[in-house]
Amino acid sequence: MSKKIITVFGATGAQGGSVVSIFLSDPKLSKDWQVRGVTRDASKDSSKALAAKGVEVVAADLGDKSSLAAAVEGASAVYAVTNYWDKLDKELEIQQGKNIADAALEAGVEHFIFSSLLDITKLSHGVLPDVHHFDSKAAVEEYIRTTSLPSTFLLPGFYMTNLPGGMFRQTPPDNAWAFTLPIPASSPIPFFDPAADTGKFVKGIVLDREKVLGKRVLAATAYTTAGEAVDVFKKVYPEAGKTARYNEAPHDAFRGALKSQGMPDFAAEELLQNMRLLNEFGYYGGAKLDESHAIVEDKLTTLEEHMKNAKAFAGLQ
């Protein structure tokens, strides 16, 4: 019996790469599925590495409908992910998402899995109108729901990878490790390890298709407050943790720090509002994770495990 094809967009990225990996390594999935990985450039080393593992690697441009048609032709399932941060263009991301969905609909794809997020302008009743990378994906989801394309929407949580060496770094004057966000320490954050765990959720979605059609799956391990994240660091690295702390940055300072790193004003404001979301309305609008966890067979990565293995924390005691 010939294997079914799953087309995975962003196959060399964190989310897509995780999906490719589990479909190659999981006994149940690898028996039934062939992976077709979509990348912008099939000649890159990362693309060649996928091909060496048995992935059918195809190049496609999310703005070119004919290349998208070829990428999804004959596929039973599709994992689609778009990248707002590539061009910082909300309308472009919406169009790209629609293009993939249109191609999948035309090709008769039986299960379209879209990496989505909530509409924050709507959730916040206009208080946070500039979280474009959420609203753009929500607009694509809304569009897909108007079509007959059988779909499930995966909503990735707050990337754990944002912390080590990024939001959680050594700070002057004493070089102590500090986790800095523009929100109170009590703000709940749904932490998610995209490279390790996206595939685990997609596996559950594919194996439980009937249960999740038309549904949202919230991809996060657990809610952990910002303050608790510092406690996790202290537990993993007791020596470095002696002086570790949580810093609640004033909004202007947070925005200013991003701008000083070369971020455009609108994107700095966007990220500030994205962080305010955690405290003021909830990343998932306060939704629980239990129902989404029910379809996952594999153990999800904890923040503690992620911190233990983080390169930016290597060598800490």
| message | Starting from 0.36 nm per residue, how many nanometres of slack lie between Lys215 and Ala49 once their C-alpha separation is accounted for? | response | 56.4 nm
| message | Explain nothing, just compute: Karplus ³J(HN,Hα) = 6.51 cos²θ - 1.76 cosθ + 1.60, θ = phi - 60°, for every residue of the range 295-311 in order, whole Hz, x for Gly and Pro. | response | 8, 9, 8, 8, 5, 7, 6, 8, 4, 4, 4, 5, 5, 4, 9, 6, 4
| remark: Expressed as a whole-number percentage, the relative contact order of the chain with C-alpha contacts under 8 angstrom and at least six residues apart is 17
| remark: Residues whose built amide H sits under 5 Å from the amide H of Thr224, excluding neighbours closer than 5 in sequence, are Ile189, Phe191
| note | In units of 2.2 N^0.38 Å, the Cα radius of gyration of the range 48-158 is 1.12
| said: Binning at 5 angstrom from zero up to the longest distance, how are the C-alpha pair distances of the range 84-141 distributed in percent? | reply: 4, 20, 25, 21, 15, 9, 4, 2
| message | Given points 7 Å out from each Cα along the Cα-Cβ axis, report the Glu106 to Ser2 separation in nanometres with one decimal. | response | 2.1
| said: Which one, Gly37, Phe153, Val236, projects farthest toward the positive side of the charge dipole computed for the chain from Cβ point charges (K/R +1, D/E -1)? | reply: Val236
| query | Working out 0.36 nm times the residue gap between Glu73 and Leu316, then minus their Cα-Cα distance, what length gain in nm do you get to one decimal? | reply | 82.6 nm
| Looking only at the range 195-236, which residues have a backbone nitrogen under 13 Å from a spot 7 Å from the Cα of Asp298 in the C-beta direction? | 195-207
| Along the range 2-16, what does the Karplus equation 6.51 cos²θ - 1.76 cosθ + 1.60 (θ = phi - 60°) give for ³J(HN,Hα), rounded to whole Hz, x for Gly and Pro? | 6, 6, 6, 9, 10, 8, 10, 7, x, 5, 9, x, 5, 5, x
| field | Cα-based helix-to-principal-axis angle, 194-207 vs the chain, degrees rounded to 10 | value | 40
| message | Using a Förster radius of 22 Å, what is the FRET efficiency between Lys259 and Ala14 based on their Cβ-Cβ separation? Nearest 0.05, please. | response | 0.30
| said: Taking amide H atoms as placed 1.01 Å from N in the peptide plane, list the residues 5 or more away in sequence, or in a different chain, whose amide H sits under 5 Å from that of Leu154. | reply: Phe114, Ser115, Ser116, Val217
| query | So what's the projected area for the range 197-271, the Cα convex hull averaged over all directions, in nm²? | reply | 8.3
| field | Leu88 paired with Thr146, simple spin-label distance in nm, labels 7 Å along Cα-to-beta-carbon | value | 2.9
| Relative contact order (%) - criterion: Cα under 8 Å, at least six apart; region: the range 52-122 | 38
| request: Pull up the cross-link candidates among the lysines for Lys308, meaning alpha carbon to alpha carbon under 23 Å and not fewer than 8 places away within one chain. | output: Lys200, Lys234, Lys235, Lys242, Lys299
| With springs only between Cα atoms under 10 Å, which of Val232, Val58, Val206 fluctuates most in a Gaussian network model of the chain? | Val232
| field | Lys, Arg +1 and Asp, Glu -1 on Cβ, resulting dipole of the chain about Cα centre, debye, nearest 20 | value | 700
| request: Show which lysines lie in cross-link reach of Lys98 when reach means a straight Cα distance below 19 angstrom and same-chain residues fewer than eight apart are skipped. | output: Lys65, Lys87, Lys90, Lys137, Lys215
| Out of Ser47, Ser21, Ser260, any idea which swings most in a Gaussian network model of the chain, alpha carbons joined below 10 Å? | Ser260
| request: Would you calculate the separation in nanometres between label points at Asp32 and Ala176, each defined as 7 Å from the Cα along the Cα-to-beta-carbon direction? | output: 5.3
| said: Placing one identical point scatterer on every Cα of the chain and ignoring solvent, what is log10 I(q)/I(0) from the Debye formula at q = 0.09, 0.10, 0.12, 0.15 Å⁻¹? | reply: -0.47, -0.59, -0.84, -1.27
| note | In degrees, nearest 10, the alpha-carbon axis of helix 265-280 is tilted away from the dominant principal axis of the alpha carbons of the chain by 80
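We did not get these values from a lab; they are worked out from the coordinates using the rules stated. Since this is a predicted model, take the numbers as computed values, not measurements. Quick reminder, even Gly has a Cβ in these numbers, built from the backbone with ideal geometry, and neighbours come from all protein chains shown.
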